[in-house]
Amino acid sequence: MSKDLSSDCAGPRARLRLLGAALAALGLAAPGHCGEAAAMPPRPPLHTYTLAQDGSPRSYDEAVAAACIQGVVNRESPQLYLLSKKDAQPKYWLDVLTREGRWLQGRDLEPVADMDALVRLAGPRIKGAVVWDPDVPASLNVATTIAGVEDAVVLSPELAEDNARRWHLPVIRDLRGLFTGAETGSRKNDAYRWAIREYLSKGLCSSHRLCLFEDSFSARKAGSCGYALTRDWAVYNRAFVFDLSPWADEAPFDDPGQRLGLDLDTYRMVLEATRSNAAGRHATELTGFFAFEKYSNVGGHKSAHEPVPTEWETVWVASPYNFYQNTASSDCFNQSLHSQAPRPALKQRWATHLPRLEKKAYLCVLMADYDSSTPLYDFLPHNFLMANRGSVPLAWGIDPSLLETYPDLIAYFYSLATPADTFTADASAAGYTNPSRIPEKSLPLFVEHNRQFFREADMDIAPMVLDWTQPTPAVMDAFCQFSAGGFATIIYDFHGGTGRPARPQVWRGMAVTELINDAGDAFSDADKTADTMARAIRGRGGNAPGFYFFRIVWANTGNVLDSIALLRKKLPELDIEVLDPHAFFGLLRQYQEQHEPSPARRNKCRLGPLRAPAAPRDAGRAHASRPAARAKGLRGSRNNPGSPQFP
């Protein structure tokens, strides 16, 4: 019997059409077959809604409601993208990701005209409304928690009274008047403890993610939408949302009448309930940042605590509960959509040749503090996309755990990297934590968490481990299982300890050193940075060979080139060479093994090939300006908590 060869393709083509329809809903593409492009159905449209963000309370309420709807709608598939009349960044990323070869290519954009149309788009996926109480700002976060669990939209009383009936939305919960302070003496803490009992402790919320989102205390009046528009991420994940102080020694600005330590007691209840729900299966991300004006001495709050110690205290409190922090995540649009992007294998272009050890001052520069959502989303494009990038080897510090939030953004940066660009972890590892605060019994979970993300991001260096004390043998044993390429620390003890930095050494094959934080303020001036670097080098002996690993925050390649050129003039007696991080740690390891043999060198970690920078390429000089005012005062950002010297 003759065989109809065309029938061989008919079956697979039919199956591919079905597969294509399924993949199209996720914004992916199906392969062709039998030498032809498979017949693909039209890709589903991408609906866009533009927030007013005009600085009014009403625009704040709009951002909260729209983000909650987005979180529910995008659970089904990546369908809804928020834009802004004020903030150009979501439009920037939409333009990037709809270009040829990017995952949103081919999606027709369909603007949604107003909130009425947005509610119609959501349809029966929105089960009702949760009305929060403006007299209890914390109730906004409680309402967001409920919205995630109940598939609801959060409405202010004004939006509810004007629209809920017209939108045919039943009120699932009306929180007005519910929290009186009868339980704790604080309406704020009553609200969170009620939500812990009713939702978190019952296992109804995610154990994978907590949202530390600023409530409405001052934000609504100012129309500040930074942590209003991010609520899609909380709802999408069914995350518990809260806003509490990490300090036990003073009352917060938003609740001055509470007893000392009440916020912190409730904070720990949230952490403990989440750890119990996780049951050792995984670590938990704490996304978001403390409210400066409420918990530190910013604005009108006469607090004893600066922002930087408040950041460190937050991480100190959370670390024993198997948490890692994604600190600043304000103004991060569309996380519920970006998180669904394909996650292709990431591969860095490392050379395998280690240069010869000579009598030089070896420098390595960590382009630091892109370790949380806001810097990655908003700042890194301004500083990474420079024409002269690649003319000097640099380490770019990002948080690899953000592959769960912005995988498409990270893949974009990887695709543009030159051989002189190395992506490393940033604050601590895959997420910001204090390793010395992790119970030793939890270190295997810590290792597995980090190993997963380091592998996916093709990383093997932890260049900025932030801690309160020198790493213990158990901590270094943990790190050498996923960070064998190198380990550097910033140590500072805000609780009154010595905070001495790690001694340069080789631990089971992993080179260990200090990350020099003297130039750790957000970059402002090349001559100032060069002066700071010169003092740091002289203060550490100015030796040759010498190894000096510097942290520079939110800078671009031109800033570094200018600073290094001035540094060479300030230290003409030294032969300064800038290395990529693999060459730097490789030579440091070689030097330490030759000069300070240690028993810890035995039983080495498994190491990849030693790697060094490729020859830099020539490029024109270009400088980017600081991205808007948002960079100013975003956070203390670990900037210069102190600069302890080697003993």
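The values are calculated or read from the model by the stated rules, or taken from the named source; none is laboratory data. Remember, it's a predicted structure, so these values are computed and weren't measured experimentally. No Cβ is skipped: glycine too gets one built from the backbone with ideal geometry, and neighbour counts run over all protein chains shown. These accessible areas exclude ligands, DNA and RNA; they are computed on the full protein's heavy atoms, side chains included. Shrake-Rupley method; radii C 1.70, N 1.55, O 1.52, S 1.80 Å.
Straightening the chain between LEU109 and ALA544 buys 150.7 nm, computed as 0.36 nm per residue apart minus the Cα-Cα spacing. Which one of VAL315, GLN325, THR557 has its Cα pushed farthest toward the positive end of the charge dipole of the chain, where Lys and Arg give +1 and Asp and Glu give -1 at the Cβ? Positive-end residue among those listed: THR557.
Using the Karplus relation 6.51 cos²θ - 1.76 cosθ + 1.60 with θ = phi - 60°, the per-residue 3J(HN,Hα) values for segment 46-52 come to 10, 7, 10, 10, 9, 6, 6 Hz, with x marking Gly and Pro. Past 20 Å, Cα to Cα, is the threshold; run LYS127/LYS221; LYS528/LYS570; LYS202/LYS441; LYS91/LYS127 against it and keep the listed order. Pairs exceeding 20 Å: LYS127/LYS221; LYS202/LYS441; LYS91/LYS127. Once divided by 2.2 N^0.38 Å, the Cα radius of gyration of segment 163-238 becomes 1.27. For segment 250-341, the carbon plus sulfur part of the accessible surface works out to 53%, probe radius 1.4 Å. Between amide H atoms placed 1.01 Å from N, distances below 5 Å from ASP255 occur with no residue 5 or more places distant or on a separate chain. What a 1.4 Å probe finds exposed on segment 545-594 is 47% carbon and sulfur by accessible area, rounded to a whole percent.
A simple rule links phi to the HN-Hα coupling: the Karplus curve 6.51 cos²θ - 1.76 cosθ + 1.60 with θ = phi - 60°, which for segment 330-347 gives 5, 6, 9, 6, 6, 5, 5, 8, 4, 5, 8, 5, x, 10, x, 4, 9, 9 Hz, with x for Gly and Pro.
Derived scalar couplings between HN and Hα for segment 454-461 equal 5, 5, 5, 8, 6, 10, 8, 10 Hz in order, rounded to whole Hz, by the Karplus curve 6.51 cos²θ - 1.76 cosθ + 1.60 (θ = phi - 60°), x for Gly and Pro.
Placing +1 on each Lys and Arg Cβ and -1 on each Asp and Glu Cβ, with no other charges, gives the chain a dipole about its Cα centre of roughly 1540 debye. Per residue, the chain exposes 37 Å² of solvent-accessible protein surface, assessed with a 1.4 angstrom probe and all protein chains in place.
Candidates VAL235, LEU357, ILE537 compared by Cα position along the dipole of the chain: farthest toward the positive end lies LEU357, with charges placed on Cβ.
Restricting segment 313-422 to trypsin sites (Lys or Arg not before Pro) that sit in a DSSP loop and have at most 13 other Cβ atoms within 10 Å of their own Cβ leaves LYS347, ARG356, LYS359. Taking 7 Å steps out from each Cα toward its Cβ at GLU573 and ASP249 produces label points 4.2 nm apart. Summarising the amide proton neighbourhood of GLU514: residues at separation of 5 or more, or on other chains, whose placed amide H is nearer than 5 Å comprise THR489.
Annotation note: trypsin sites (Lys or Arg not before Pro) in segment 73-175 located in DSSP loop regions with a Cβ neighbour count of at most 16 within 10 Å are LYS85, LYS86, ARG99, LYS127, ARG165, ARG166.
At a 1.4 Å probe radius, carbon and sulfur cover how many percent of the accessible area of segment 364-521? The C+S portion of the solvent-accessible surface of segment 364-521 is 50 percent. Shown here are the Rg and Dmax of the Cα trace of the chain, at 25.7, 91 Å. The H on the amide N of LEU46, modeled in the peptide plane, is under 5 Å from the matching H of ASP108, LEU109, GLU110, each at least 5 residues off or on a different chain. For ALA117 and VAL171, the FRET efficiency from 1/(1 + (r/R0)^6), where r spans their Cβ atoms and R0 equals 25 Å, is about 0.70. For ARG58 and LEU178, a Förster radius of 25 Å and the Cβ-Cβ distance give a FRET efficiency of 0.55, rounded to the nearest 0.05. Look at the dipole of segment 151-246 built from charges on Cβ: of CYS225, PRO157, ALA191, the Cα furthest out on the positive end belongs to ALA191.
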